[in-house]
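K.L.:
What follows is a single structure, and I will ask about it in a moment.
Laboratory data are not the source of any read-out in this text; all were calculated from the coordinates shown. Just so we're clear, the structure is a prediction, and the values are computed from it rather than from any experiment. Glycine gets a Cβ as well: all are built from the backbone with ideal geometry, and neighbour counts include every protein chain shown.
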Amino acid sequence: MPEKKNNKTNLSKTLINEFQKEVICLVQQKATDRDNALFEAGIKLGALYHQFTGSPVNLNTVSSLEQAIQESISVQPYVEDISVKIDRDMLKSKLNNEFGYSELQGPMLKVRITVKYGSSKIKVGMEYNPELNYPLMKILEI
């Protein structure tokens, strides 16, 4: 019985050592400009979504909110261009009858961001996908 346990222990140690070697190899590989551009773009989209959804907005303030979002994200590193559109029809359908405003919701946003990192330039976007009923973020161009 102890011999069986030793075999399992040795096998476990061997597997752990091989796994550690693989992880070290992956970590030692240098990230490319493309990798970094995609990472930066994902950070921008996530920050935009989580920073601005929930903001109070109405039909009189929607343009200034679009501009504020664009200006806020545009000062972040590696952002070359950004456009933000808020769906007025969707906003109108969500307005509170008593107070005349709504909160910005993810499905209302249509965003395009161009990020340039070193030699790599990529375009990403976020837009409501009715089939998924979700504001989907995606890579548009590499």
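K.L.:
Just to be sure before I move on: is Leu132 among the hydrophobic types (A, V, I, L, M, F, W, C), crowded, with 18+ Cβ neighbours inside 10 Å and not in a strand (DSSP E or B) in the structure I sent?
P.N.:
Values: among the hydrophobic types (A, V, I, L, M, F, W, C): yes; crowded, with 18+ Cβ neighbours inside 10 Å: no; not in a strand (DSSP E or B): yes.
So Leu132 fails the test.
K.L.:
I've got another one for you. Restricting attention to the range 70-90, does a residue exist that is basic (Lys, Arg) and free of Cβ contacts under 8 Å to residues at least 40 places away in the same chain? Please lay out each step first, then the result.
P.N.:
Of the residues in the range 70-90, the ones basic (Lys, Arg) are 85, 88.
Then keep just the ones that are free of Cβ contacts under 8 Å to residues at least 40 places away in the same chain; that gives 85, 88.
Scanning the range 70-90 turns up at least one residue that is basic (Lys, Arg) and free of Cβ contacts under 8 Å to residues at least 40 places away in the same chain.
K.L.:
Could you tell me how many of the residues in the range 35-69 are in contact (Cβ under 8 Å) with a residue 60 or more places away in the chain and among the β-branched types (Val, Ile, Thr)?
P.N.:
0
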